[in-house]
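The values are calculated or read from the model by the stated rules, or taken from the named source; none is laboratory data. Please read these numbers as outputs of a predicted model, since none were measured by experiment. Heads up, the Cβs are rebuilt from the backbone with ideal geometry, glycines too, and the neighbour counts pull from every protein chain shown. The area values use the complete protein model at the heavy-atom level, side chains included, leaving out ligands, DNA and RNA. Shrake-Rupley method; radii C 1.70, N 1.55, O 1.52, S 1.80 Å.
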Amino acid sequence: MHIRLLAAVSALIPAAAYAHDMPGMAHDAGGQPMTMEHQHHDAAVPSAPDHAAMGHDMAGMAAGHAMTGTLSAYPMTRDASGTAWQPDSAPMQAIMGQVGDWSTMVHGFAALTYDNQGGPRGDDKIFVSSMLMGMAQHQAGAGTLTLKAMGSLDPLMGKRGYPLLLATGETADGRTELVDRQHPHDLFMELSATYSRPLADKLSGFVYVALPGEPALGPATFMHRFSGVANPEAPISHHWLDSTHVTFGVATAGLVYGGLKLEGSVFTGREPDQHRYDIERPRFDSWSARLTWNPTANLSMQVSHGFLHSPEQLHPEEDVRRTTASVTYNLPVGEKGAWQSTFAWGRNDPSGGHHAVPTDAFLLESALQLDRWTLFGRAERVDKDELFGDEHSGNPLAGRVFTVGKLSLGGYRSVPVGKVVLDLGGLVSTYDLPRAIQGEYGSSPTSFMLFTRLRVTG
């Protein structure tokens, strides 16, 4: 059954044989991706210029209302969450502008969702999820200074977040784990500064500091990759791949040579607590390293490893080593479409705590945008060890590892409204569950979501 789940979505992945280099893409007012030749000059994305020349001509770039890559001289469409990369040809949805000699960018969304999770452990809820990010870029000596601020009104949905079968991670009250629910994101998701400058021909260096921010660990966060953000529900593999995207205290340094990036971070290992409106104390007690390669404009690959000190508030004695690898492929489809797919694997290897068994997660997702319609799918296979609490819960299933599968398919129609679009859509999810837990979840639960989403496109 696991293989069938993955195969159902793998058919959505465009064949690598069709890969071809494309310039960075932005979107027209209707929310459709367009090539460089069709972009307004206020949203121009420069092709990767010579690194040395870049250091001496940033003022001219700013005067031309353009932005470059945050970490080096590449198309800004390569930048995703934190210092993570995606393919250069990935769709960009943002409003570009100019304030003095600062180049600016704004993007975000707000989604109103009706969520119905099936089975005995399911629940239903109407909630709003949201994200808004602003960025400003400026010449600073021979290099580039980029400031980012990102926030969310997710705390308004309540401390318990929204129902999501098989989701685990974090806490709502500081005493019990959130199970079968997705936690809300913090009000402050990123407050960061990045400085990069050329060091030699094709070689640049950068430093990124944030409170909060994202360390060099895992793929681009699901909220910031086109294949993931199309789906309004969080992946149940989130805490094996990209859960560190809101980390209170991050310092990253790295080198970029053409399409290669090597970086390392020191950061706070503890996940955000149940107080979603504050900024927590940085500890810088953990570390990570990541190697990323963009061999063509349509392909981005990364491998990363990190040590997370005491990530769980409820089990402070437990440390985790996390290893991830991922591939994201983006295929522009005509002038008004894109097809992006991501395959990712993550492993959590805990030590010194209540769960001492390594667990794995696999994710395969894809999103296809054709004119005003977008279709998406996601398949996951995850080893879950927190579905029934710890050994003190009294449940005979507590502490055991169960391999579960989930398949979600959905789509939406986009209606342009000036510089934003209104998405109207839905999705349905089905599950592959071990016989041992079907008594708790049911033999074949089905979940669905209906949503309307307002999304910045530019």
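What to note about this one:
- Inside segment 111-155, residues that are in a loop (DSSP other than H, G, I, E, B) and out of contact with any Phe, Trp or Tyr (no Cβ under 7 Å at 6 or more places or on another chain) make up a count of 8.
- Answer from Gly134, Gly108, Gly151, Gly119 - the residue that is in contact with a helix residue (DSSP H, G or I) (Cβ under 9 Å, 6 or more places away or on another chain), touching a residue at least 12 places away in the same chain (Cβ under 8 Å) and open to solvent by less than 60 Å² (accessible area, probe 1.4 Å): Gly119
- Any hit, segment 250-271, residues being open to solvent by 10 Å² or more (accessible area, probe 1.4 Å), within 15 Å of Glu170 (Cα to Cα) and not basic (Lys, Arg): yes
- Residue list for segment 248-275, restricted to those being touching a strand residue (DSSP E or B) at 6+ places or on another chain (Cβ under 9 Å) and farther than 24 Å from Ser204 by Cβ: Phe248, Gly249, Thr268, Gly269, Arg270, Glu271, Pro272, Asp273, Gln274
- Matching residues, segment 357-372, being among the hydrophobic types (A, V, I, L, M, F, W, C) and touching a strand residue (DSSP E or B) at 6+ places or on another chain (Cβ under 6 Å): Ala361, Phe362, Leu363, Leu364, Ala367, Leu368, Leu370
- The set of residues in segment 300-311 being open to solvent by less than 20 Å² (accessible area, probe 1.4 Å) and either in contact with a His (Cβ under 6 Å, 6 or more places away or on another chain) or not in a strand (DSSP E or B) (or both) consists of Ser310, Pro311.
- Any chance Thr324 is under 16 Å from Ala80 (Cα atoms) and crowded, with 23+ Cβ neighbours inside 10 Å: no
- Flag if Ala297 is at pLDDT 95 or above, farther than 24 Å from Arg270 by Cβ, of a type in the set (A, V, I, L, M) and surrounded by 23 or more Cβ atoms within 10 Å (Cβ to Cβ): yes
- Matching residues, segment 414-458, being in a helix (DSSP H, G or I) and either free of Cβ contacts under 8 Å to residues at least 60 places away in the same chain or under 24 Å from the mean Cα position of the chain (by Cα) (or both): Arg435, Ala436, Ile437, Gln438, Gly439
- Where Ala220 falls short, out of the listed (1) crowded, with 23+ Cβ neighbours inside 10 Å; (2) within 18 Å of the chain's Cα centre (by Cα); (3) over 25 Å from Arg453 (Cα atoms); (4) small (Gly, Ala, Ser): (3)
- Considering residues of segment 334-352 that are modelled with pLDDT under 95 and open to solvent by 30 Å² or more (accessible area, probe 1.4 Å) only, the residue nearest to the chain's Cα centre (by Cα): Lys336
- Only one entry of Ser237, Ser196 meets the criterion of being over 30 Å from Phe388 (Cβ atoms), open to solvent by less than 10 Å² (accessible area, probe 1.4 Å) and hydroxyl-bearing (Ser, Thr, Tyr), and that entry is Ser196.
- Each residue in segment 223-234 was checked for being touching a helix residue (DSSP H, G or I) at 6+ places or on another chain (Cβ under 7 Å) and surrounded by 24 or more Cβ atoms within 10 Å (Cβ to Cβ), and 1 of them qualify.
- Matching entry among Arg400, Arg413 (being surrounded by 15 or more Cβ atoms within 10 Å (Cβ to Cβ) and either of a type in the set (Lys, Arg) or under 28 Å from Gln369 (Cα atoms) (or both)): Arg400
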